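K.L.:
First the structure, which I've put down as structure tokens, then a few questions once you've had a look.
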Amino acid sequence: MKNTLTAVVMAPMLMLAAVNAGADITFDTQVDYEMSGFFNDKARSSPIQAGIDQRINNSVSLELEVFSAWDGGDQSISFKPFYRQDEMDEERSHGDIRELLWNKLSDEYELKVGLGKVFWGVTESAHLVDIINQTDSVEGIDGEQKLGQPMVQVLLEREWGNLDLFVLPYFRERTSAGSDARLSAGLDYADAIYESSDEESNVDVAARWSHYWEELEYAVSVFHGTSRDPLIGGYLDATGPAVQAYYPVISQVGVELQFLDEGWAWKFEGIVRDGMPEDVYYGLDLSGVRAGLNLDIVEADHYFATAAGFEYTQVGIWETRIDLGWVAEHIYDSRQEKAGFGAFEHDVLLATRWAANDDADSTLLAGVVYDYEYQDYSVSLEGNTRLFDGLSLAIEARVFAPSSDNVSQYAFRDEDFVKLTLSYYL
Amino acid sequence: MKKIITSAFLVLMAVSSWGQTPEEKGLAIAIEGDKRSEGYGDSKVKLKMILADKKGRESSRDMRVKGLEGKGGEGDKSLMIFDTPKDQKGVAMLTFTHKVKSDDQWLFLPALKRVKKISSRNKSGPFVGSEFAFEDISSQEVEKYTYKYLRDEMLNGLDCFVVENTPTDKYSGYTKQIVWIDKAEYRSIKIEFYDRKKSLLKTLVNEDYKQYLGKFWRPNLMSMTNHQTGKSTRLVYEDYSFNVGLKVKEFTKNSLKRAR
């Protein structure tokens, strides 16, 4: 394993060196130290999670960035390996190549080949449209950390807008915490099952057209291929409860809109997705233990999901330098209670964003996501500041307050946490 | 005949300039200043921003700015790339200046690979924690102010026009700016900024002007002092170059993602 990792890391570096003998190569390094404190709510602990009583977790991660350009800047290679070592969770101790991209620019098009990351979307509460990259979910609960995606991307910039075309030849499975670790809901994951007979090698395709007119920005995207969101089926095996991810083949159309009107930013994103089953069940024998690879799929019609709302920003409140933003968004999923684990069926986000506009670029985002049908909510706080050039401090805190045991958030009821991250830039 | 018309025209010109109102004279100075900065094509410069608080404690930011001159009725385009603080490396900001309507501005956040449009409402806000507001660093188009010539005055040994500029945009953080422009080269030497309550907020002093391509004057040092907080910000420019052959494709929303 170690040798493989070394080879994976060294090969592109050597390639870079070979291609670029004589060209400038820049190196950047970011080292993060992260300490999380968890708060158990013992009274409601389930037998599954009773064993997880760890209060403090330490973790360190390293991200390198190597970059070189030549051909008058029209060609470049970027390489971003990432590695995390986690004190407790083996699943969270993981490496990834976040980016290894060859970028070629011409007057007619821009071409990218390799592993890369692409973000689509405008809303804060949910990233529905964003589908190119798989979520590196052990990195954070907000779904914003992504795994490098193998891709060939062609971009056309024209009078009528930007058209991005993607061929995605390989699929990355979503990462998940080990059952003995935090934010795992106490579940162990077996190897994933795919709808596509090519499994991870199914070739996915995607396209996005985006443009703007005055203060309105808009985009339409399409995707066909293996869903980044799995369906999770549960069963018992010899060692206890286990789950298995099933990745169906889906088609999705996405729309993004953003309209800026003075202090207001109006946002909408929505998807229509076809091919996502309602549920999966695994065949069990009489004792409730999983029997073979049987899989029952409950097919479903297409569904849609939307996130819409606004952010209103007051510049320089109370005659200070501080900007205060108010965020309100509504998230809806037409599947309602049949929406999978982690989906927002009918939720509202209310948040306030503070920007100190100081020399340390300090910001604070505090919000609550409220499910108005189940009355459960979660509260989050994210802050950031720079201690000095090269060292930054971030804080993240979340409290989960499910109203009953039949909502998806229930799995996280004992996972309230505060996380401090020190980031050192070399 | 032609001669008579020409002389009549000259007389008329002289009379009209004689009878010029302070507003007309102020506008004429602004137009002349703008004309003298025309034709730079494109430019590249490195700059260091030094922020100092009341006690003199300093922190700094390094950035590079690429500019593309607007053609015809279009305003200038600019791309600013941050190199430090290190956690901000790769952050880039693209601005399309417009003569009449609000500027378009986008920010690229490299960690998320996200391009965000910045609201024009923000123009009075501080630019990256400095004493410069967004509107102070954006390209100065003639149409963004109304003008009033006040007087002639000597400043640092330079014979200057003193002009009062009133922003036309209701979201400007200023009620007026008093600008000292040297008569010989039409360079802005000093600007006083008055806040919404009409009291003196900041003073900008442009120093160490150098001429490039035998035509374009640029200050190597811009110092902004906030009189109400005692904080100041210096912009130190180096390695100016003009007509380097920058292309329009380097100033697009998408180009933000590859800005280095």
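K.L.:
For every helix of n ≥ 4 consecutive DSSP H residues, a contribution of -39,500 (n - 2.57) applies; sum these over chain B, divide by its total residues, and give [θ] at 222 nm rounded to the nearest 500 deg cm²/dmol. Walk me through the intermediate numbers first.
P.N.:
On the way: 3 runs with 36 residues, N = 260.
Mean residue ellipticity at 222 nm (helix-derived): -4500 deg cm²/dmol.
K.L.:
Compute the FRET efficiency between A:Ser196 and A:Thr385 as 1/(1 + (r/R0)^6), taking r as their Cβ-Cβ distance and R0 = 45 Å, and round to the nearest 0.05.
P.N.:
Working: r = 46 Å, r/R0 = 1.01.
That gives a FRET efficiency of 0.50.
K.L.:
Taking loop as defined by DSSP and a crowding limit of 11 other beta carbons within 10 Å, which GluC sites (Glu not before Pro) in segment A:49-122 fit?
P.N.:
Numbers: sites: A:Glu63, A:Glu65, A:Glu87, A:Glu90, A:Glu91, A:Glu99, A:Glu108, A:Glu110; in loops: A:Glu87, A:Glu90, A:Glu91, A:Glu108.
Those that pass, being in a loop and sparsely packed, are A:Glu90, A:Glu108.
K.L.:
Percent relative contact order of segment A:72-160, based on C-alpha pairs within less than 8 angstrom and at least six residues apart?
P.N.:
Details: 166 pairs, mean separation 23.0, N = 89.
Contact order relative to length: 26 percent.
K.L.:
Now a separate question. B:Gly70's amide H: which non-local residues (gap 5+, or another chain) put their own amide H closer than 5 Å, with H modeled 1.01 Å from N in plane and none for Pro or chain starts?
P.N.:
Those qualifying (amide H under 5 Å, at least 5 residues apart or on another chain) are B:Asp76, B:Lys77.
K.L.:
With a sphere of radius 12 Å drawn around the Cβ of B:Gly75, what net charge do the other residues whose Cβ falls strictly inside it have (Lys, Arg +1; Asp, Glu -1)?
P.N.:
Values: positive: B:Lys71, B:Lys77, B:Lys99, B:Lys101, B:Lys144; negative: B:Asp34, B:Glu69, B:Glu74, B:Asp76, B:Asp103, B:Asp104, B:Glu141, B:Glu143.
Taking every other residue near B:Gly75 into account, the sum is -3.
K.L.:
So what's the net charge close to A:Tyr212: Lys and Arg +1, Asp and Glu -1, counting the other residues with Cβ under 10 Å from its Cβ? Please report the intermediate quantities before stating the final value.
P.N.:
On the way: positive: B:Lys117, B:Lys253; negative: A:Glu214, A:Glu215, A:Glu217, B:Asp104.
Neighbour charge sum, excluding A:Tyr212 itself: -2.
K.L.:
In addition: What is the average number of partner chain Cβ atoms found within 10 Å of a Cβ in B:120-126?
P.N.:
On the way: counts 5, 11, 6, 1, 2, 8, 10.
Per residue, the number of nearby Cβ atoms from other chains is 6 on average.
K.L.:
Apply the Karplus curve 6.51 cos²θ - 1.76 cosθ + 1.60, θ = phi - 60°, to the phi angles in segment A:120-136 and return the couplings in whole Hz, x for Gly and Pro.
P.N.:
Along segment A:120-136, the couplings run 10, x, 10, 7, 9, 6, 9, 10, 6, 6, 4, 9, 5, 9, 7, 7, 8 Hz.
K.L.:
Is there a simple number for the mean count of other chain Cβ atoms within 10 Å of the Cβ of residues in B:210-223, and what is it? Intermediate results must be reported in sequence, preceding the final value.
P.N.:
Values: counts 0, 0, 0, 0, 0, 0, 0, 0, 0, 0, 0, 0, 0, 0.
Across B:210-223, the average partner-chain Cβ count within 10 Å equals 0.
K.L.:
Given a cut-off of 27 Å, name the pairs among B:Lys86/B:Lys144; B:Lys113/B:Lys144; B:Lys89/B:Lys144; B:Lys170/B:Lys190; B:Lys176/B:Lys247 whose C-alpha atoms lie farther apart than that in the structure shown. Before the final figure, lay out the partial values.
P.N.:
Details: B:Lys86/B:Lys144 35 Å; B:Lys113/B:Lys144 33 Å; B:Lys89/B:Lys144 32 Å; B:Lys170/B:Lys190 23 Å; B:Lys176/B:Lys247 36 Å.
Distance filter (> 27 Å) returns B:Lys86/B:Lys144; B:Lys113/B:Lys144; B:Lys89/B:Lys144; B:Lys176/B:Lys247.
K.L.:
Just to verify a number: FRET efficiency for B:Glu58 and B:Thr166, C-beta to C-beta distance, R0 = 25 Å, to 0.05?
P.N.:
On the way: r = 34 Å, r/R0 = 1.35.
So, using R0 = 25 Å, E works out to roughly 0.15.
K.L.:
Normalising by the residue count of segment B:22-258, find the relative contact order in percent from Cα pairs under 8 Å and 6+ residues apart.
P.N.:
Details: 544 pairs, mean separation 50.8, N = 237.
Averaging sequence separation for qualifying contacts and normalising by length gives 21 percent for segment B:22-258.
K.L.:
Looking only at other chains, what is the average number of their beta-carbon atoms within 10 angstrom of each beta-carbon in B:250-258? Walk me through the numbers on the way to the answer.
P.N.:
On the way: counts 2, 0, 2, 6, 7, 3, 0, 6, 8.
For this peptide, the per-residue mean of nearby foreign Cβ atoms is 4.
K.L.:
Which pairs break 32 Å Cα to Cα here: B:Lys71/B:Lys257; B:Lys148/B:Lys257; B:Lys99/B:Lys215? Each step should come with its number before you reach the end.
P.N.:
On the way: B:Lys71/B:Lys257 25 Å; B:Lys148/B:Lys257 42 Å; B:Lys99/B:Lys215 23 Å.
In this structure, B:Lys148/B:Lys257 exceed 32 Å between Cα atoms.
K.L.:
Can you work out the PRE-style zone for B:Lys44? Point 7 Å along Cα to Cβ, and I want the residues of segment B:229-257 with backbone N under 12 Å.
P.N.:
B:239-247
K.L.:
While we're here: Simple spin-label model, 7 Å along Cα-to-Cβ: A:Ser334 to A:Ile56 in nm?
P.N.:
5.1
K.L.:
Taking the Cβ of A:Leu156 as the centre, find all other residues whose Cβ is under 14 Å away and add up their charges (Lys, Arg: +1; Asp, Glu: -1). Walk me through the intermediate numbers first.
P.N.:
Details: positive: A:Lys104, A:Lys112, A:Arg158, A:Arg208, B:Lys249, B:Lys253; negative: A:Asp107, A:Glu108, A:Glu110, A:Glu157, A:Glu159, A:Asp164.
That sum, taken over residues with Cβ under 14 Å, equals 0.
K.L.:
For A:Leu364 and A:Glu144, what does the FRET efficiency come to when R0 = 22 Å and r is the distance between their Cβ atoms, rounded to the nearest 0.05? Each step should come with its number before you reach the end.
P.N.:
Values: r = 17 Å, r/R0 = 0.78.
Approximately 0.80, to the nearest 0.05.
K.L.:
By how many nm would the segment from A:Leu216 to A:Val203 grow when fully extended, if each residue of separation counts as 0.36 nm and the alpha-carbon distance is taken off?
P.N.:
Values: separation 13, 0.36 × 13 = 4.68 nm, distance 3.35 nm.
Stretched fully, the A:Leu216-A:Val203 segment lengthens by 1.3 nm.
K.L.:
So what is the relative contact order for segment B:138-260, in percent, with contacts set as C-alpha pairs under 8 Å and at least six apart?
P.N.:
Values: 212 pairs, mean separation 15.1, N = 123.
Rounded, it is 12 percent for segment B:138-260.
All of the numbers you see were taken from the coordinates with simple rules; none came from a lab. These figures come from a predicted structure and were not determined experimentally. Here the Cβ is made from the backbone with ideal geometry for all residues, glycine too, and neighbour counts use every protein chain on show.
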